[in-house]
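Colleague: I'd like to ask you about the structure that follows.
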Amino acid sequence: MNFKQKLTIIQYILNRRIEKIKPSIDHAKIKYEILSDLGLTDISIFNELVSEGIMKKKVFATVVKCNACGSFYISSFYKCPFCGSILVEGETIATHTLCGYTGTLSTFKEGNKEICPVCKREIKKSDLNLRAHVFTCKSCGKNFVEGRITHYCNDCGNKFDPSNEIYNIETIYYYEIDKSGWEKITKLYKPWINIYDFLIENGFILKDDSKIKGESGIEHDFDLVFKKNDKYSAFTYVNKLTIEDLLRFHIKTIDAKNVALFIVTNTKTDKQIEDFSRKYGINLLSFEDKNVIKSLEMQLKELKFLD
Ligand SMILES: [Zn+2]
Ligand SMILES: [Zn+2]
Ligand SMILES: [Zn+2]
């Protein structure tokens, strides 16, 4: 999952104020609507956001899957515990209070009339005492209270009995964004989305692979790379920015000459960091800065990306 896709997902979450990302089951696949809406399939983004403390991973359900083809498109049947037939019906046992006869409701029928098979009186609802629900096996005729369950795969036709073995079940998860997750997402990613929107509005084009090849032949990786008038601007996020980081990025600016490098950080920058970055030709953007877009605009003007 590249950074652009991550931002797209985060923007989707922010716009819709999504608090729960629930799975849905589609044959052999567990789907998340947010991913299918955005034309994505890779769920590694969720794990990334979990490790960043933005989302919490929680058990949604343990579902039955076909042990032959892996499909979740399963039907379940009740099976007679005596003969194994799946031709079973649910019935209600009732007592005729006037004579004491007890049997299944179907035995109180004679043609279209409801008649007691023992005392032959016509049945009134008030004279019937409903006692229990049972199964009746249409193959062997026996009654039983608890049917055994058996599964049938609608995709491959496999029949299998319940078991808790790994190839028979799968635990599926949903993801939750709580209050602290919202605070993090707003702090860490909202400014990124503003930066992205600002650049696109000002005629920058996003490079698909966010890599730039230096004169050495080495490909340098960034989080986002934009192109405008044959010049590149590359953005990289650094959590706690140090002088060592600046040195490391300075090497990239030497190798990739036609690139304006922006380091985006979440921490407040101090004078030493600012002096070094100026010296090394690195542009800084801090999310601690209330006017991060203004600062970006000024730096882009200096670099002649904007008029
Ligand atoms: Zn199957
Ligand atoms: Zn039976
Ligand atoms: Zn009776």
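The values are calculated or read from the model by the stated rules, or taken from the named source; none is laboratory data. In this text the structure is predicted, and so the values were computed from the model without any measurement. Backbone-built Cβ (ideal geometry, glycine too); neighbour counts: all protein chains shown.
Colleague: Taking the options Lys207, Lys187, Lys179, name whichever one is at pLDDT 90 or above and among the basic types (Lys, Arg).
Modeller: Only one candidate qualifies: Lys179.
Colleague: Do we have Ser233 as surrounded by 15 or more Cβ atoms within 10 Å (Cβ to Cβ), out of contact with any Cys (no Cβ under 9 Å at 6 or more places or on another chain) and at positive phi here?
Modeller: When the stated conditions are applied, Ser233 does not pass them.
Colleague: Can you find, within the range 122-148, the residue that is farthest from Cys83 (Cα to Cα) among those that are surrounded by 13 or more Cβ atoms within 10 Å (Cβ to Cβ) and out of contact with any Phe, Trp or Tyr (no Cβ under 8 Å at 6 or more places or on another chain)?
Modeller: Asp127
Colleague: Here's another thing I want to ask about it. Checking the structure you have, find out if any residue of the range 112-123 is more than 16 Å from ligand 2 (Cβ to nearest atom), among the polar types (S, T, N, Q) and more than 30 Å from Leu300 (Cβ to Cβ).
Modeller: The answer is yes, given that some residue of the range 112-123 is more than 16 Å from ligand 2 (Cβ to nearest atom), among the polar types (S, T, N, Q) and more than 30 Å from Leu300 (Cβ to Cβ).
Colleague: Look through the range 149-175, keep the residues that are surrounded by 15 or more Cβ atoms within 10 Å (Cβ to Cβ) and charged (D, E, K, R), and return whichever of them is nearest to ligand 1 (Cβ to nearest atom).
Modeller: Among those residues, the one meeting the criterion is Asp155.
Colleague: Also, I was wondering about something else. Is it the case that Leu199 is of a type in the set (A, V, I, L, M), modelled with pLDDT of 90 or more and within 16 Å of ligand 3 (Cβ to nearest atom)?
Modeller: no
Colleague: Looking at (1) loosely packed, with under 14 Cβ neighbours inside 10 Å; (2) touching a residue at least 40 places away in the same chain (Cβ under 8 Å); (3) touching a His at 6+ places or on another chain (Cβ under 8 Å); (4) not acidic (Asp, Glu), which is the one condition that is false for Phe82?
Modeller: Result: Phe82 fails condition (3) only.
Colleague: List, please: which pairs have Cβ atoms under 6 Å, are six or more places apart or on different chains, and start with a residue in the range 108-119 that is in a strand (DSSP E or B) and end with one that is away from ligand 2 (no atom under 16 Å from the Cβ) and aromatic (Phe, Trp, Tyr)?
Modeller: Final answer for the pair search is Glu114/Phe108.
Colleague: If only one of Ser75, Ser51 is loosely packed, with under 12 Cβ neighbours inside 10 Å and closer than 18 Å to Ser163 by Cβ, which one is it?
Modeller: None of the others qualify; the one that does is Ser75.
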